[in-house]
Amino acid sequence: MTNRFVEKLRGFSPLSDADVAELVVLTSRSRVIKTRHDLIREGDRPGPVFVMIEGWACRYKVLPSGTRQVLAFLMPGDACDLHIGLLAEMDHSIQTMTPARVATIERVEMDELMMRRPAIARAMYIAQLIDEGTMRAWITSMGRRTSVERVAHLMCELYLRVRDIALTGETSLTLPLSQVLLADALGMTSVHKTGF
């Protein structure tokens with residue numbers, strides 16, 4: 001089975017066979033998680049680095065009114081919160097959207113790995129920079145794009161991300177997103193009319 005996390009990192013920085021072997025060992029300790037299971041909740045102490053091996057998850061915050069804002073979608077190959085351990089508590093939650101296989105890498109193991117293996121550290125930092133760029137695009141969408149533009153931008157983003165990890169080679173894909181999840185990600189109501 002392809003390890004999409006390793007393949008993703010290889011795309012950002014050349015990795016030696018020893019680098020790859022260490023990543024494969026670390027991500028081989030994975031478990032199956034059911035749909036709509038919180039991997040970690042806002043207010044919890046930061047835990048391990050989660051790596052999505054299979055399935056999808058999302059980052060989210062729940063506002064005092066009870067409404068939810070989805071902050072990001074996570075798919076196979078994505079690592080969650082490399083540096084969140086610097087915080088005293090989580091400032092968001094992570095929940096699976098589909099059945100998933102998730103590897104957990106203890107923070108100390110990840111820190112030691114990145115110290116020993118600079119190519120892995122470089123690839124992880126590049127992945128984090130890309131995630132931050134995606135977050136800036138989401139902020140731009142929420143602040144300045146119309147509802148139609150927001151939907152279109154998100155669909156294009158998700159298609160390119162799925163294509164880049166070889167989950168599809170087609171010109172279309174099926175997304176595991178409900179209308180409610182889309183609304184929570186795009187700042188709309190689930191019955192919002194986009195003009196389509």
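The values are calculated or read from the model by the stated rules, or taken from the named source; none is laboratory data. Because the structure is predicted, anything quoted here is derived from the model rather than measured. Counting neighbours? That spans all protein chains shown, and the Cβs are built from the backbone with ideal geometry, glycine included.
Selection of first residues in segment 71-92 that are over 10 Å from Gly47 (Cα atoms) and modelled with pLDDT of 95 or more and of second residues that are small (Gly, Ala, Ser) and in a strand (DSSP E or B), restricted to Cβ pairs under 6 Å at least 6 apart or on distinct chains, gives the following pairs, ordered by first then second residue: Leu74/Ala57.
The conditions of being out of contact with any strand residue (DSSP E or B) (no Cβ under 7 Å at 6 or more places or on another chain), surrounded by fewer than 19 Cβ atoms within 10 Å (Cβ to Cβ) and either hydrophobic (A, V, I, L, M, F, W, C) or modelled with pLDDT of 95 or more (or both) are met by Val108. Criterion applied to Ala127, Ala123 was being modelled with pLDDT of 95 or more and of a type in the set (A, V, I, L, M), and the one residue passing it is Ala123.
Taking segment 1-28, which residues are touching a strand residue (DSSP E or B) at 6+ places or on another chain (Cβ under 6 Å) and over 21 Å from Val162 (Cα atoms)?
Leu26
None of Thr140, Thr146 is closer than 28 Å to Leu63 by Cα, more than 13 Å from the chain's Cα centre (by Cα), loosely packed, with under 12 Cβ neighbours inside 10 Å and of a type in the set (Ser, Thr, Tyr) except Thr146.
Looking across segment 149-171 at every residue that is over 13 Å from Phe73 (Cα atoms), out of contact with any helix residue (DSSP H, G or I) (no Cβ under 8 Å at 6 or more places or on another chain) and of a type outside the set (A, V, I, L, M, F, W, C), the one that is surrounded by the fewest Cβ atoms within 10 Å (Cβ to Cβ) is identified as Thr171.
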